[in-house]
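Report on one structure; see the data block that follows.
The values are calculated or read from the model by the stated rules, or taken from the named source; none is laboratory data. Quantities reported herein were computed from a predicted structural model and do not represent experimental measurements. Every residue, glycine among them, receives a Cβ derived from its backbone with ideal geometry; neighbour counts consider all protein chains shown.
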Amino acid sequence: MLFIYQRSSALFNEAKKYIPGGVNSPVRAFNAVGGDPVYVKSAKGAYLQTEDGHEIIDYIASWGPMILGHAFEPVVNSVKEAVDRGTSYGMPTELETKIAALAIEMAPNIDQIRMVNSGTEACMSAVRLARGYTGRDKIIKFAGCYHGHSDSFLIQAGSGAVTFGSPNSPGVTKGTAQDTLLAQYNNLDQVAQLFEHNKNQIACIILEPIAGNMGCIIPQEGFLQGLRELCDQNNALLIFDEVMTGFRLARGGAQEVTGVNADIVTYGKVIGGGLPVGAFAARQEIMNFLAPLGPVYQAGTLSGNPLAMSAGYAMLDHLNKHPEVFDSLSQKTEYLHKGIQEVLESKGIEYQINRFGSMMSVHFTPDPVVDFESAAKGNNEWFKKYFHGLLERGIYLPPSAFESYFLNDALSYQDLDRTIEAVQEVVNSW
Ligand code: PMP
């Protein structure tokens, strides 16, 4: 029997009266796939309990943070203990030092870390720091990479990478947009040209070292290394946005698995264990530029919040002590990849599956998906049918082809088999 989500639709209609578009973050509204969002009542392990009374398998893990499954006991217990001690002080706590030391122990190449409240804040602050450190204004970003919703990042490619960006959200000024230069992901030549045309003006390159915001896109051989070299030659900083990849791909995130060191790294998602946390980190000489030591200002009333830090510390501590989780996740993701691949191939469907560690995405296109342009060629009508077909069978995928799946380690091989069978049923019905 197919699942219907009647109460969710009713709740969404009510929400639309009071919340813009009914949601507090746009992608939740199902604009890309149509239909009404699913309302969650609770979650445990790999499963979401919906307001409709269904239990569904979750492949978004709150868009990444719930890497060990929902309501993971060490994290929940740690928050429960913390809450009785008060929810915020606006004064330093020992726990902030403990989580900072642990994150620095786990991730390579960073000396200091500053906690903020979201990935957006982390990336915004990282770019300000890079600008302050280098004394330069311009930044390079890649089309299709998402670094949160601060003004400098809401820029899409105009006519080619060597032209100035134009804002793709009203409210972002032209002045801000013209300091953001764009290149296509995996295209080193375009980046080299941008440096050539903007000599001594580029503060930094920011990118997702493994991209997850145009589906999952993998850096081609030599791409990250090439960016590292271009930054070194041009005295610019390389910022890895590890909001998705940090503490997910390995203890040391993408820096560890790719062997490429960034100058500034941003974190979010896993580092907060499901509470609102972001962070940015760098070597000492760069972090010395940050207030109160240096001139680059950055602050936050709730930064280092005791509940958020207790969740984050419990999460990182578990991952640090159980690094086998990363292999386990990778194997599960590979199993799912192979299973879906077999089904799609048996039906002669044109598809691409990109996978890296516990991130993956399915694109309905015959051509390799290596950047935003190739990702945008995916057949969205097929994606919608695939998404809704699976939802009707109790499987929750990201509701857009431009998002990555995030596997969580509570998923069992039985869950994966059930998912693959559901994919089979869905494509049989096409
Ligand atoms: N960077 C990346 C790579 C992200 O995926 C996201 C969010 N999905 C952000 C930054 C922004 O994080 P937040 O939503 O916590 O502001």
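Miscellaneous remarks
- The residue of segment 64-106 that is farthest from residue 302 (Cα to Cα), among those that are in contact with a Lys or Arg (Cβ under 8 Å, 6 or more places away or on another chain) and within 16 Å of the ligand (Cβ to nearest atom), is 67.
- Within segment 256-268, the only residue that satisfies the criterion of being over 17 Å from residue 111 (Cα atoms) and within 10 Å of the ligand (Cβ to nearest atom) is 268.
- Some residue of segment 383-398 being under 21 Å from the mean Cα position of the chain (by Cα) and either in a helix (DSSP H, G or I) or assigned by TED's automatic domain parsing to the domain that holds residue 220 (or both): yes
- Among the criteria (1) modelled with pLDDT under 95; (2) more than 16 Å from residue 277 (Cβ to Cβ); (3) within 16 Å of the ligand (Cβ to nearest atom); (4) assigned to a loop (DSSP other than H, G, I, E, B), the one residue 159 does not fulfil is (3).
- Scanning segment 215-241 for residues that are buried (at least 24 other Cβ atoms within 10 Å of the Cβ), within 22 Å of residue 334 (Cβ to Cβ) and either β-branched (Val, Ile, Thr) or within 11 Å of the ligand (Cβ to nearest atom) (or both) yields a single hit, 217.
- Residue 271 being in the same structural domain as residue 222 (by TED's automatic domain parsing), of a type in the set (A, V, I, L, M) and away from the ligand (no atom under 16 Å from the Cβ): no
- Residues in segment 83-117 that are among the small types (Gly, Ala, Ser) and surrounded by fewer than 18 Cβ atoms within 10 Å (Cβ to Cβ) were compared, and the one that is farthest from residue 245 (Cα to Cα) is 86.
- Cβ separations smaller than 7 Å between residues 6+ apart or across chains give the following pairs from segment 119-132 residues that are more than 9 Å from residue 266 (Cβ to Cβ) to residues that are of a type outside the set (A, V, I, L, M) and more than 12 Å from the ligand (Cβ to nearest atom): 127/152; 127/204; 128/298; 129/289; 130/204; 131/137; 132/289; 132/295.
Yes or no, residue by residue, for (1) under 24 Å from the mean Cα position of the chain (by Cα); (2) in the same structural domain as residue 361 (by TED's automatic domain parsing); (3) among the small types (Gly, Ala, Ser):
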position	(1), (2), (3)
29	yes, yes, yes
61	yes, yes, yes
65	yes, yes, no
81	no, no, no
97	no, no, no
109	yes, no, no
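- In the set 344, 329, 390, only one residue is buried (at least 21 other Cβ atoms within 10 Å of the Cβ) and closer than 22 Å to residue 418 by Cα; that residue is 329.
- Flag if residue 124 is within 16 Å of the ligand (Cβ to nearest atom) and either outside any helix (DSSP H, G or I) or charged (D, E, K, R) (or both): no
- Any hit, segment 201-209, residues being in contact with a Ser or Thr (Cβ under 8 Å, 6 or more places away or on another chain), more than 13 Å from the ligand (Cβ to nearest atom) and without any contact (Cβ under 8 Å) to a residue 40 or more places away in the chain: no
- The number of residues in segment 1-27 that are without any contact (Cβ under 8 Å) to a residue 24 or more places away in the chain and surrounded by fewer than 17 Cβ atoms within 10 Å (Cβ to Cβ) comes to 14.
- Among the residues of this structure, residue 253 counts as one that is closer than 26 Å to residue 71 by Cα and more than 10 Å from the ligand (Cβ to nearest atom).
- Evaluating residue 50 against the criteria (1) assigned by TED's automatic domain parsing to the domain that holds residue 268; (2) of a type in the set (S, T, N, Q); (3) buried (at least 16 other Cβ atoms within 10 Å of the Cβ) leaves one unmet condition, (1).
- Within segment 350-382, the set of residues being outside any loop (DSSP other than H, G, I, E, B), closer than 26 Å to residue 257 by Cβ and among the small types (Gly, Ala, Ser) comprises 361, 374, 375.
- Among the residues here, residue 172 does not qualify as among the β-branched types (Val, Ile, Thr), touching a residue at least 24 places away in the same chain (Cβ under 8 Å) and more than 14 Å from residue 144 (Cβ to Cβ).
- Residue within segment 267-280 that is charged (D, E, K, R) and in contact (Cβ under 8 Å) with a residue 40 or more places away in the chain present: yes
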